[in-house]
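These notes concern the structure reproduced below.
The values are calculated or read from the model by the stated rules, or taken from the named source; none is laboratory data. All values reported here derive from a predicted model rather than from experimental measurement. Heads up, the Cβs are rebuilt from the backbone with ideal geometry, glycines too, and the neighbour counts pull from every protein chain shown.
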Amino acid sequence: MTVRVRFAPSPTGYLHIGAARSALFNWLYARKSAGKFLLRIEDTDLQRSTDESTRSIIEGLEWLGLDYDEDLVFQSNNAPKHRAAAHRLVEEGKAYRDFTPKEQRDDKDVKQNISERARAQQVEGVDPRSNPFRELAKEESDRRAAAGEPFVVRLKVPAEGATKFDDIVYGTQERSHSEIEDLVLLRSDGHPLYNLSVVIDDIEMGITHVIRGQDHLTNTHKQILLYEALGAPVPRFAHLPLILAPNKGKLSKRKHGEVVSLTTYRDRGFVPAAFRNFLALLGWAPPDGKEVLSKEELVQLFSLEGIGRANAIFNFHENDPRRWTDDKALWMNAEYIRTMPLEELLPMVKTELRANKLWREEYDDDDRDWLLKTLDLIRQRYFTLKDFSGQGRAYFSDDFDFDETAVNKNLRKEPRMRELMLGLADKLETVEPFNMETAEAALRAYADEAGVKAGLLINGARTMLTGQAVGPSMFEIFDVLGREASVQRLRSGIPFQQETL
RNA sequence: GGCGCAUUGGUGUAGUUGGUUAACACGCUGCCCUCUCAAGGCAGAGAUCACGGGUUCGAGUCCCGUAUGCGCUACCA
């Protein structure tokens, strides 16, 4: 039997990183077992679903490199089938119509209501599962329905016994039927509800393994009851631990903002492979401990058995812009940026430079070698793709900013710096040929001549040429920027004209 | 309220059927390298394995209880 798994997000807003990880694990499992990875948009709640959200989900998966098989399924298209199935269950006596008038429920404090109701029922000794309509004669039920009386359709959960299944991650799960209320399948307006829709769609799509968040663990028993009522084989289940905020609370956009949205990582300069790699390590551990893994390696090493059971904390620092997301994610991204093949990095940098009007067409042909050399030089200390257009701006444009602390530290401390820089410019102008070695020799000779330490000139020149106090070896910078730009920038008076803060 | 699940250094995780000094990665500290910052190399701090009992010659690993967190309990998904 070929494995068929699916990722079934509801299109209500951005793609949550937890959902993205579910998608990744499903995808990895499918590819690992040469099965199919399907995508289904769960848009049963039409009020909250948006096309934009659907688009962002598809884009997000594409960005992560998770390709899906077969056609995209929209759950809302199957609503008629869901309704028909519910009615069939009523006909077969496996479900029944409940004519109890609808109770208005405020979406805000449902949890509160639930526990209050449970407490009240316990005090009064009422069985929450009792329902006067459960045993209503079929003729009576049909008659009232035909008369237009509104009703919901509920599944008849057996009074006795228990449901049991073997979760691949959490082990054997058993739940007594006495704890399961007769769940609503169809709303009084005829709208099918979640548990019904997923089960029918999963049957329809031939899903063999349901891999999803742990928040569905207890609901699984209800779904199994549905599979059985519908006479369909029950798939295998693997529930995933949840991803939590640093305070162990729920990770939500409302509370935590953009860090939870997958698109943020794309927009803030993550390399897809790096983020995918990071995500894979949240709740799953490779057997041999090697953590930096390519897509192929992940597929090869992945197994559902390797998934842990404890929820993971996504450890970002809300008030520290430098550590805006998980440290390890940032490290992973830097690791990819400095070690991945340059040809793979190049298109990503191209997009980044283009967006900032720093891309020149010559980079594609005449200056391609120069570009590759420069990228290789500067990528060593970058964390995100944004750095190529930010910190790296001076390598692609003469119009760059001077960092105030760099200017103070490397240029203003030494009163003679302006003339030293001009002198250095004069020296470099005559060096022939102009390269790393000759530039270094010239600079050191000039330092001796002027009676200053080479380091003073080096640090000053770095700031003159790049606007920054940190960066690659100075002589490599000379080499990459070339004689003309180097000399011109050394002669610039701009940093010296700025007001001291 | 009921039911379920979880609990190894700051974070992510390893710890095969109970057996020595609890391992790895990120982060943190220091040193080396050095023209700066990274990277890299070296060294180090940090865990009475949530707590309390029990079984055992021996428990992070098995059992019971407690606490805490999370989830479900909806005509939400």
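At a glance:
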read-out	value
Sole residue being touching a Leu at 6+ places or on another chain (Cβ under 8 Å), part of a loop (DSSP other than H, G, I, E, B) and not hydroxyl-bearing (Ser, Thr, Tyr), chosen from A:ILE200, A:ILE211, A:ILE207	A:ILE207
Within the range A:414-501, helices (runs of 4 or more DSSP H) holding 1 or more residues that are of a type in the set (Asp, Glu) and more than 41 Å from the chain's Cα centre (by Cα)	A:417-430, A:436-450, A:474-490
Candidates A:ALA145, A:ALA86, filtered to the one that is of a type outside the set (D, E, K, R) and over 21 Å from A:ASP201 (Cα atoms)	A:ALA145
Verdict on A:LYS81 being away from RNA strand B (no atom under 16 Å from the Cβ), surrounded by 12 or more Cβ atoms within 10 Å (Cβ to Cβ) and touching a residue at least 60 places away in the same chain (Cβ under 8 Å)	no
Tabulated pairs, the range A:331-346, first assigned to a loop (DSSP other than H, G, I, E, B), second more than 11 Å from RNA strand B (Cβ to nearest atom), C-beta under 8 angstrom, 6+ apart or interchain	A:MET340/A:VAL271; A:MET340/A:ALA273
Selection count, the range A:55-77, where residues are within 13 Å of RNA strand B (Cβ to nearest atom) and either among the charged types (D, E, K, R) or crowded, with 20+ Cβ neighbours inside 10 Å (or both)	2
Options A:SER303, A:SER294: the member that is in contact with a helix residue (DSSP H, G or I) (Cβ under 8 Å, 6 or more places away or on another chain), surrounded by fewer than 14 Cβ atoms within 10 Å (Cβ to Cβ) and over 21 Å from A:GLN468 (Cβ atoms)	A:SER294
Scan of the range A:441-460 for residues that are buried (at least 18 other Cβ atoms within 10 Å of the Cβ) and more than 8 Å from RNA strand B (Cβ to nearest atom), ordered by number	A:ALA442, A:LEU443, A:TYR446, A:ALA447, A:LEU457, A:GLY460
Lone unmet requirement of (1) near RNA strand B (Cβ under 10 Å from one of its atoms); (2) modelled with pLDDT of 95 or more; (3) not basic (Lys, Arg) for A:LEU346	(1)
Flag if A:ARG236 is over 21 Å from A:LYS328 (Cα atoms), surrounded by fewer than 17 Cβ atoms within 10 Å (Cβ to Cβ), in contact with a His (Cβ under 9 Å, 6 or more places away or on another chain) and charged (D, E, K, R)	yes
Near pairs, Cβ below 6 angstrom, 6+ apart or cross-chain, from the range A:188-200 (farther than 18 Å from A:VAL73 by Cα and modelled with pLDDT under 95) to any residue that is within 7 Å of RNA strand B (Cβ to nearest atom) and small (Gly, Ala, Ser)	none
Residue list for the range A:250-280, filter: surrounded by fewer than 19 Cβ atoms within 10 Å (Cβ to Cβ) and not in a helix (DSSP H, G or I)	A:LYS250, A:SER252, A:ARG268
Selected residue (criterion: farthest from RNA strand B (Cβ to nearest atom)) from residues of the range A:167-197 that are under 28 Å from the mean Cα position of the chain (by Cα) and either part of a strand (DSSP E or B) or over 23 Å from A:ARG97 (Cα atoms) (or both)	A:ILE168
Hits in the range A:289-315 - residues which are near RNA strand B (Cβ under 9 Å from one of its atoms) and assigned to a loop (DSSP other than H, G, I, E, B)	A:GLY289, A:LYS290, A:GLU291, A:VAL292, A:GLY308, A:ARG309, A:ALA310, A:ASN311, A:PHE314, A:ASN315
Pair list, Cβ < 7 Å and 6+ apart or interchain, from the range A:282-300 residues that are more than 20 Å from A:VAL169 (Cβ to Cβ) to residues that are within 7 Å of RNA strand B (Cβ to nearest atom) and of a type in the set (A, V, I, L, M)	A:GLU291/A:LEU281
Subset of the range A:137-166 (residues that are of a type in the set (Gly, Ala, Ser), within 14 Å of RNA strand B (Cβ to nearest atom) and assigned to a loop (DSSP other than H, G, I, E, B))	none
Test for A:THR438: is it touching a Pro at 6+ places or on another chain (Cβ under 9 Å) and either surrounded by fewer than 21 Cβ atoms within 10 Å (Cβ to Cβ) or among the hydroxyl-bearing types (Ser, Thr, Tyr) (or both)	no
Residue list for the range A:361-411, filter: of a type in the set (D, E, K, R), touching a residue at least 24 places away in the same chain (Cβ under 8 Å) and assigned to a loop (DSSP other than H, G, I, E, B)	A:ASP398, A:ASP401, A:ASP403
Residues satisfying the stated conditions in the range A:316-330, i.e. charged (D, E, K, R) and either assigned to a helix (DSSP H, G or I) or within 22 Å of A:LYS290 (Cβ to Cβ) (or both)	A:ARG322, A:ARG323, A:ASP326, A:ASP327, A:LYS328
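For every residue, the table says whether it meets (1) of a type outside the set (A, V, I, L, M, F, W, C); (2) at pLDDT 95 or above; (3) in a strand (DSSP E or B).
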{"site": "A:ARG6", "(1), (2), (3)": "yes, yes, yes"}
{"site": "A:ALA84", "(1), (2), (3)": "no, yes, no"}
{"site": "A:TYR96", "(1), (2), (3)": "yes, yes, yes"}
{"site": "A:ARG117", "(1), (2), (3)": "yes, no, no"}
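Condition check ((1) touching a residue at least 40 places away in the same chain (Cβ under 8 Å); (2) farther than 23 Å from A:THR220 by Cα; (3) surrounded by 10 or more Cβ atoms within 10 Å (Cβ to Cβ)) across all residues:
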{"residue": "A:ARG105", "(1), (2), (3)": "no, yes, yes"}
{"residue": "A:ASP109", "(1), (2), (3)": "no, yes, yes"}
{"residue": "A:VAL126", "(1), (2), (3)": "no, yes, yes"}
{"residue": "A:PHE133", "(1), (2), (3)": "no, yes, yes"}
{"residue": "A:GLU149", "(1), (2), (3)": "yes, yes, yes"}
{"residue": "A:VAL169", "(1), (2), (3)": "yes, no, yes"}
